[in-house]
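Colleague: Have a look at the structure that comes next, please.
The values are calculated or read from the model by the stated rules, or taken from the named source; none is laboratory data. As the structure is a computational prediction, the values presented were derived from the model and not from experiment. Here the Cβ is made from the backbone with ideal geometry for all residues, glycine too, and neighbour counts use every protein chain on show.
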Amino acid sequence: MPLLTCYYPSSNSAVYIVHLDVLQRRLGVPSQRQYLLAQLSEDEQAQYMCKPYKRQALAWLGARLGAKWLLKNTLFSTLPSAEIQIQKATNGAPFCARSGRPLSISHSNALAGAAIGNHPVGLDLEFSERFSALPTPWISPQEKQAHPNLSISQLWCIKEALYKAAGFGPFTQFCRAIELEHTTHKQLTVRNAINKKQPIQKTWRYNRWQLKQHDILFLEPNYE
């Protein structure tokens, strides 16, 4: 099974998904472990080694490798991966230190991924059967009723991805403040229902895929 699955939603965006079970097996082979950890800077290797839980460390490593390979293949083909630095903005959003391009990162128990675009983008991964009931107040009954073609997991992914791309305040506050008005096959419309002082891009393009019983959702602003 491959370590990496790649998606290209548009000419300006890309999504790399790392399979954590494959990554874990490769880390068990000394030569492959050496190669994989060599993709990290010394500071990143220290971060990885200091993670208190193996599952947490594996998810962090998968997301970081996915982001580095994504940046290397799209922007820095001649640069060693260890020299590609990923930093966080004041709001916690990751970005490429060399180019300033925004990134989005997500992980679950089985997958980890990174996405890039010309503008702030959002990526979220969720186990498809995570929710047995509607998670209010994050998703309202009206939103679910208005989007019968989307599962609860997919609606949650949209909220999470929007928050990563353009969120403000705590996640619960953000979910209450915005409303998913209309969703077509690849476009959604968002309304800021409460806090008019916090503007949010109204229309977004999105793509969704399923992999290993997970919903994967990527979105980017639609300025057309």
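Colleague: Determine which member of the set Leu111, Leu150 is in contact with a helix residue (DSSP H, G or I) (Cβ under 8 Å, 6 or more places away or on another chain) and either acidic (Asp, Glu) or modelled with pLDDT of 95 or more (or both).
Modeller: Going through Leu111, Leu150 in turn, just one is in contact with a helix residue (DSSP H, G or I) (Cβ under 8 Å, 6 or more places away or on another chain) and either acidic (Asp, Glu) or modelled with pLDDT of 95 or more (or both): Leu111.
Colleague: Right, here's the next one. If you scan segment 81-91, which residues turn out to be assigned to a loop (DSSP other than H, G, I, E, B) and within 16 Å of Ala67 (Cβ to Cβ)?
Modeller: Ile84, Gln85, Ala89
Colleague: For Gly66, work out the one condition from (1) part of a helix (DSSP H, G or I); (2) crowded, with 18+ Cβ neighbours inside 10 Å; (3) free of Cβ contacts under 8 Å to residues at least 60 places away in the same chain it doesn't fulfil.
Modeller: Of (1) part of a helix (DSSP H, G or I); (2) crowded, with 18+ Cβ neighbours inside 10 Å; (3) free of Cβ contacts under 8 Å to residues at least 60 places away in the same chain, only one is false for Gly66: (3).
Colleague: Looking at Ala46, Ala38, which one is of a type in the set (Gly, Ala, Ser) and either surrounded by 17 or more Cβ atoms within 10 Å (Cβ to Cβ) or in contact (Cβ under 8 Å) with a residue 12 or more places away in the chain (or both)?
Modeller: Exactly one of Ala46, Ala38 is of a type in the set (Gly, Ala, Ser) and either surrounded by 17 or more Cβ atoms within 10 Å (Cβ to Cβ) or in contact (Cβ under 8 Å) with a residue 12 or more places away in the chain (or both), namely Ala38.
Colleague: Next question, about the same structure. Within segment 22-31, how many residues are surrounded by fewer than 12 Cβ atoms within 10 Å (Cβ to Cβ) and part of a helix (DSSP H, G or I)?
Modeller: Of the residues in segment 22-31, 2 are surrounded by fewer than 12 Cβ atoms within 10 Å (Cβ to Cβ) and part of a helix (DSSP H, G or I).
Colleague: Is it the case that some residue within segment 32-55 is in contact with an Asp or Glu (Cβ under 9 Å, 6 or more places away or on another chain) and outside any helix (DSSP H, G or I)?
Modeller: yes
One line per residue, one yes/no per condition, for (1) of a type outside the set (A, V, I, L, M, F, W, C); (2) assigned by TED's automatic domain parsing to the domain that holds Ser41; (3) more than 23 Å from Asn207 (Cα to Cα):
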| residue | (1), (2), (3) |
| --- | --- |
| Leu61 | no, yes, yes |
| Leu65 | no, yes, no |
| Leu70 | no, yes, no |
| Pro94 | yes, yes, no |
| Leu103 | no, yes, no |
| Asn109 | yes, yes, no |
| Gly113 | yes, yes, no |
| Trp138 | no, no, no |
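Colleague: While we're here: Within segment 92-202, considering only helices (runs of 4 or more DSSP H) that don't extend past its boundaries, which have at least 1 residues that are surrounded by fewer than 19 Cβ atoms within 10 Å (Cβ to Cβ) and of a type in the set (A, V, I, L, M, F, W, C)?
Modeller: Of the helices (runs of 4 or more DSSP H) lying wholly inside segment 92-202, those with at least 1 residues that are surrounded by fewer than 19 Cβ atoms within 10 Å (Cβ to Cβ) and of a type in the set (A, V, I, L, M, F, W, C) span 141-146, 171-177.
Colleague: Yes or no: Leu58 in contact with a helix residue (DSSP H, G or I) (Cβ under 9 Å, 6 or more places away or on another chain) and at pLDDT 95 or above?
Modeller: yes
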